[in-house]
Each structure stands twice: as C-alpha cells, then as structure tokens.
1. Can you report the number of residues in the stretch 171-198 which are open to solvent by 20 Å² or more (accessible area, probe 1.4 Å), more than 15 Å from ALA211 (Cβ to Cβ) and not basic (Lys, Arg)?
2. For the stretch 147-168: of the residues being open to solvent by 30 Å² or more (accessible area, probe 1.4 Å) and over 22 Å from PRO332 (Cβ atoms), which is farthest from the chain's Cα centre (by Cα)?
3. Quick check on the stretch 478-492: of everything there that is surrounded by fewer than 17 Cβ atoms within 10 Å (Cβ to Cβ) and farther than 14 Å from LYS422 by Cβ, which residue is nearest to the chain's Cα centre (by Cα)?
4. Six or more apart or on different chains, Cβ under 6 Å: which pairs go from a residue in the stretch 231-242 that's more than 14 Å from LEU32 (Cα to Cα) and part of a helix (DSSP H, G or I) to one that's within 9 Å of ligand 1 (Cβ to nearest atom) and open to solvent by 10 Å² or more (accessible area, probe 1.4 Å)? Could you list them?
5. Of all residues in the stretch 379-417, how many are exposed (fewer than 14 other Cβ atoms within 10 Å of the Cβ) and either among the β-branched types (Val, Ile, Thr) or in contact with a Pro (Cβ under 6 Å, 6 or more places away or on another chain) (or both)?
6. Give GLU173, GLU212 a once-over and let me know the one that is over 25 Å from ALA16 (Cβ atoms), at pLDDT 85 or above, away from ligand 1 (no atom under 16 Å from the Cβ) and not β-branched (Val, Ile, Thr).
7. Take PHE180 and decide whether it is of a type in the set (Phe, Trp, Tyr) and assigned to a strand (DSSP E or B).
Amino acid sequence: EFLIALSNFQHANGIAITGVLDRDTMLIMTQLRCGVPDLTINPNATTTTPEPSTLSENEKKLAKMQNPNQNDTDIVQTSVLLQRIILNSRRERRQRTKRSTLFQMYSTRSGWGLAFPGRTITWRLVGELLWPSSNNQFMTSNEVWFTVKLAFRMWSEILPRNFLEDTVSPVSEVDILLGFGTNRHNRCPVPFTTQGQFIQEYAHAWPLPQAEIHFNDRQPYTRSSSNYPISLLKVAIHEIGHTLGLPHSDDRMSIMNPYYKPIQGSKDTDELRTSDRNSIQNIYGSCELPFDVAFDWVRRERAEDGVYRWKYNSYFFRRQWYWLYENRHHRPRYGDPKLTAHHWLGIMQINDQHRKIDGIVHVRELNSPEGPTFFFKGDIFLEYDNDRSRAKIRDSAGNRYPRRIKDGFPGVPYPIDTVFYKADERIIYFFKNNLVYKFHWPSKRVVDVKTVSTTFPGWGGAAPLPSNIDSAYYSYTSQAYFFFKGAYFWKMAGNQERYLNRRIRIPNNSVGPRRRTSSTWRDICDVGETELVM
Ligand SMILES: [Zn+2]
Ligand SMILES: [Zn+2]
C-alpha cells in the first residue's frame, strides 16, 4: 500500500513515478504546506495603510482570507480590518441564528483573533464532491469520518471544550464545516495553490467567523502518519487548530508549523506537544474540573527477565472516565481518558456516568506493595485484585462482593467523601462532610472521630483543610499526601517542607496553602460522552 500511495503521490504531482522516496519526491514533500498565510497581524503594530504594491503575495492572501469581500487592491489598515472582522461576525451572527451566537475576541502575545465561547463546538463533514475521489483510494469515507473525529477528540483532550458531530442542524448553524475540493472549490474565494502540476497546498482553513476547513482532494491522503505521503489526521489536527484561532508556528515540532512534516522515528507522534498546548490554552484556558478520585495504584509486575518489580502509576477518575497521569511528562497518557468500566474489570457494578466512584484505597504493608485495594460507592465496596487486574468475586473469608460498608468497615458512615491510608500508622482515614473517621486496619474498628480542620490544620499561616473534600491520595512520585476539592489541592507537609522550614514547628498532618490543581496536574480534560475505538 505504501508503494502505491507513494506512486500515486508522484503521479498527482507530475514527477517521475519511481515508487521510492527519491530526491524529487522529498523536495516536493518538504515544500508541501498549509495554504493559510504565515503572517500574524498585530493591531497595534501598524498605524499607516500599507501600499498594496508593497504587500507580498502572502500578505495579500492573508488580507483576502480575513476579509473575503475585499478586492486585492483594497487592503485596509489592520485596525480597520479588525473592526471589519468584528462587524462581519455580527453580520454572521444575524445570518446564522444559532451558530455559536457570539464570537469571543482574544488577544495573546502571538496575536489576536476570534474564538468559540461555548463549551460545545459542533462540526460536520460536507461535500460537493463524491468522497473518496479517485485520488483518495487509500481511505474509505468511513475512515475519513473517523480520522476527522479523532482529530477533534485530540483537541478536546487538552481543552475545556467538547466537539460534537452535528448531522441534523441546518449547515448554517454548524460551527466548523469540513470538506474536500480541488482547485476552485466549495464556493471558496481562494483556490488551492499549485505550481504547474506540483501540488503545493494540502489544505487551508478559514478562521472564525467562517470556521471552514478545505482539504485538497488532489492530495492522496492516508490514514496514519506512519504512511507516506500525507496523513489526513495530521492535516486535520493542524487545520482545526486554525479554526480554533491558532496562527502558524515557526517551531518545526509544532503541529501548527505550516510545512508538512512526515513522521520521523518511532518516538514521533501526532500528539499535541507542550508548545501547542500552551498556545491553545492561552486562548481557551486550561481544564479546571474537579475529579472524584485520585489514586496511585501500586502493584507487582513481572518484567521480561522474570523478576517481579514494583510498579506504580497515578490515576484520576471522574464520573465514568479515568486518566493515567504520566508524572514525568506532566500530562495524562496520550489518548486518555478511557472508560473506567472497560478497563477496570468488574468496576462497572459500581460505576457509570450517573454513579461516580466515592473513593479508592490501597491498604498496603509498609515497604511492600502487598495488601488489598478497595473501591467504595454508596453503601458498598469492592476489592480489586491487583495481580489479575479485575474485581474479586469473594474476599479471603468467602464473603461475596460487593459487600456492605457497615459489614466490612463497622462504624464508618456512607457514602464516604473520600479515603486514604497511612501505612506507618496502619490507619485508613475516611472523610465524611466535616468529619474524619480513623479506622485501625489490624483491629478493624474506628478508633477516633474528629473534624477535618482539627485533624489537618494549616501550617505557616495557611488555613486548615476544608470540609467535604473530593479526593485524597498518597503520591509515590512526590512522596507526599494530597487533598483535592473543586479546582484546588492541598499538600500535606512532608520531609521536604520540614527540611526547608527547619526553624518553625510544622504540626503533624498539617497542610500548606491551597493551590490550583491545574497548575500541577495538567490537561485532565473531559472529552464528551463517547470513547473512540478504532
Ligand atoms: Zn496552517
Ligand atoms: Zn478553500
């Protein structure tokens, strides 16, 4: 398939069909680019009207793309252009009654633009042409649809926005329209750029208020980035970035670089990198939703050499979703969240979109990963088998799961807010409203009930831990206990704080000032209601 795709690419570009990656082919690939001009206009930078003759082709095209009703010779001053775009968007608002009714102006260091204000952004694939065309024999229409859906999903994984395919509303009410065309296409005022037979432009996008993406149908697209010539996924992610408000980036590693970069090496991916995440979050903000459970899952894993080793990962749960958090990369695993019920076998008994998990605790021996892991929901609990990665049917005494909390943890109220375990004290801390129940694990009884604020006072002038917290866990990476409520977290003072503040007395179990969760755990973002399975 690769050879056919490559030959097709060579044929489409009018060069010798060799079926190998020769110099001509590489040259064309390195010049293949997005049709959106690279210029970013700073409304404060230009105060005089530039002479049309001094504008480069690039600048003329940009002006045209930002105001399609304008003639080439009638280039307006940038501040006027800005006003026209706003006026244009107001006109659009009247014409497109329900379509994201308002467009938000944003201004960042890299420029200004329009952004979608609503939490949900709708999209649709539209076509004047038959799809797939003869050029695009490598993808079925279903694969095209899936690839576009995946590209939107990848943006939603890092943004406080959801993307929803809308196939029923009138076209004028859909936020982002995507289509395929050749040369002059889709009533678009800008044809795709070619140089003779050579296709220079793989696609282009119109920013808001139009928010349209046009793929060049002469380009033989393929499904994944590991295949030459052109990955539709990579192009779709890039063009969606434009409709969301991103300009081009000079950074060769950025998805917003205008030139197509074939995937290089096994470590290379299509995923959005830190720089892309930062620039889009400058416009839309970062994900700040609370979560139900934070949990470091520790277990033994048999390595290839046959030796058992400890393994731990941080997990965050919200409603029916979970994220595996890659602490060393400061972001969730690529492709997360996943459905909890699909990947934590047996947990669907207590968890779906209407039933959040209340708490998870690993009651492990000191200096050992051994010990049971419990999931709590309402008045019941389950035990998870860490070695077999599934919920247990019965406990060691033969009691059938799920069991009642009042039977397994007598004296503990339910439903709980959250729970965590301190291995050195052998105490399970159960939280309920303003109270903490200390449950002594070896004797299986509640040994103390106190308020949250007296159990977890503040140190160094910080307020004590508040009531009704969402979640608590011990992080093996940070070697510290953390508490979460809403968009904030608190860190319990540990060896690090005691060492750095040797002159003051830091009370036991005391917490520092609250901080924004998103400042430490990035991009734990909702993605809508569906899971994508290829
Ligand atoms: Zn572009
Ligand atoms: Zn177009």
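1. Qualifying residue count, the stretch 171-198: 10.
2. Result: VAL168.
3. In this case the residue turns out to be ALA487.
4. Listed pairs, sorted by first residue: HIS242/VAL36.
5. Number satisfying all stated conditions: 1.
6. Of GLU173, GLU212, the one residue that is over 25 Å from ALA16 (Cβ atoms), at pLDDT 85 or above, away from ligand 1 (no atom under 16 Å from the Cβ) and not β-branched (Val, Ile, Thr) is GLU173.
7. The answer is yes for PHE180.
Every residue, every condition in (1) among the aliphatic types (A, V, I, L, M); (2) surrounded by fewer than 17 Cβ atoms within 10 Å (Cβ to Cβ), yes or no:
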position: ASP424; (1), (2): no, yes
position: ASN434; (1), (2): no, yes
position: VAL449; (1), (2): yes, yes
position: GLY460; (1), (2): no, yes
position: PRO464; (1), (2): no, no
position: TYR474; (1), (2): no, no
position: GLY494; (1), (2): no, yes
position: ARG505; (1), (2): no, yes
position: THR517; (1), (2): no, no
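The values are calculated or read from the model by the stated rules, or taken from the named source; none is laboratory data. This is a predicted model, so every value here is computed, not measured. So basically every Cβ, Gly included, is an ideal-geometry build from the backbone, and we count neighbours across all protein chains shown. When the accessible area is computed, the model is the full protein with side chains, heavy atoms only, and any ligands, DNA or RNA have been set aside. Shrake-Rupley method; radii C 1.70, N 1.55, O 1.52, S 1.80 Å.
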